[in-house]
1. Calculated FRET efficiency, Asn185 and Ala220, Cβ-Cβ r, R0 22 Å, to nearest 0.05?
2. For Phe141, what accessible surface area do you get with a 1.4 Å probe? Give it in Å², rounded to 10.
3. Quick one: accessible surface of Phe56, probe radius 1.4 Å, all protein chains present, in square angstrom to the nearest 10.
4. Over the chain, what relative contact order in percent results from Cα pairs under 8 Å that are six or more residues apart?
5. Label points 7 Å out from Cα along the Cβ direction at Met97 and Ile210: separation in nm?
6. Give the calculated FRET efficiency between Ala175 and Ala88 to the nearest 0.05, with a Förster radius of 30 Å applied to their Cβ-Cβ distance.
7. At q = 0.22 Å⁻¹, work out log10 I(q)/I(0) for the range 67-150 with the Debye formula, treating every Cα as an identical point scatterer and leaving solvent out; two decimals please.
8. Checking the cross-link filter: which aspartates and glutamates have an alpha carbon closer than 17 Å to that of Lys17, excluding same-chain neighbours under 8 positions apart?
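The values are calculated or read from the model by the stated rules, or taken from the named source; none is laboratory data. Computed from a predicted structure; not experimentally measured. No Cβ is skipped: glycine too gets one built from the backbone with ideal geometry, and neighbour counts run over all protein chains shown. What goes into the accessible areas is simple: the full protein's heavy atoms, side chains included, and nothing from ligands, DNA or RNA. Shrake-Rupley method; radii C 1.70, N 1.55, O 1.52, S 1.80 Å.
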Amino acid sequence: MTFQLLECLSLPGDPAKANEDAFGHDARAAVVIDGATPLGDGLMPGPSDAAWIAQFGARRLMAHLREGDGARKALRATLGDAQKSFEALRRQEPEEMWQTPCASMMLVVPNEEGLEFLWFGDCAALVKQGGAAVMVVGETFDKRAAEAQRARALAKEKNLSPSLSRPEFIDTLRAARNRINNGDNWLFSPDVKAAAHVSRRVMKMAPEAIVLLATDGFLALASDYGAYSATA
């Protein structure tokens, strides 16, 4: 099974800021990575630590896959590359976990069983086969709903509008980010141990199936704004 790229789109929310999403593809793999919004000053060279982890990760994943690595082996090697690069190039060692670049990811690679999906965080894959309903791979919609509920509760507590971009929420956001790469909450990051905690699903696939890889920001058209249905 091979892929044919039909269309791609990536637009930063603010044209004046770095694009913190990345996409890689060829006939044998595709990946989308969504860098988590920085919560303070960056540690890496360049305009954004989130842009660095997304772009570095997509580039190295595709390189390892082209060398013949399977999906999980390529992921582990890429996280190892990111860990080495982060330790070599960062301005200083992070004092807290929230300072470490991290990202959501959705990777899809054909194998002998069909398509193998590996993911972290709230990136997703939408799969359309024939006349069947669209299937959603990943937890984007559940995670977006939970995030919105937390935002509303926090806004009510502080008597503010429920926007997580408000500076009044920064301590809460940093506390939440400090909990990643611990327990069941792992993200794509410069930590090779994260490879053992990636979510995985394998699906049999018809030859003419359509697969859409998307960040949570793109899927907000369905999850937050109701402009589209993800399963129609």
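1. Details: r = 21 Å, r/R0 = 0.96.
The value I calculate is 0.55.
2. 60 Å²
3. Using a 1.4 Å probe on the heavy atoms, I get roughly 30 Å².
4. Numbers: 402 pairs, mean separation 53.1, N = 232.
Computed value for the chain: 23 percent relative contact order.
5. 3.9 nm
6. Numbers: r = 29 Å, r/R0 = 0.96.
Step by step, r from the Cβ atoms, then E = 0.55.
7. -1.13
8. Output for Lys17: Asp34, Asp41, Asp49.
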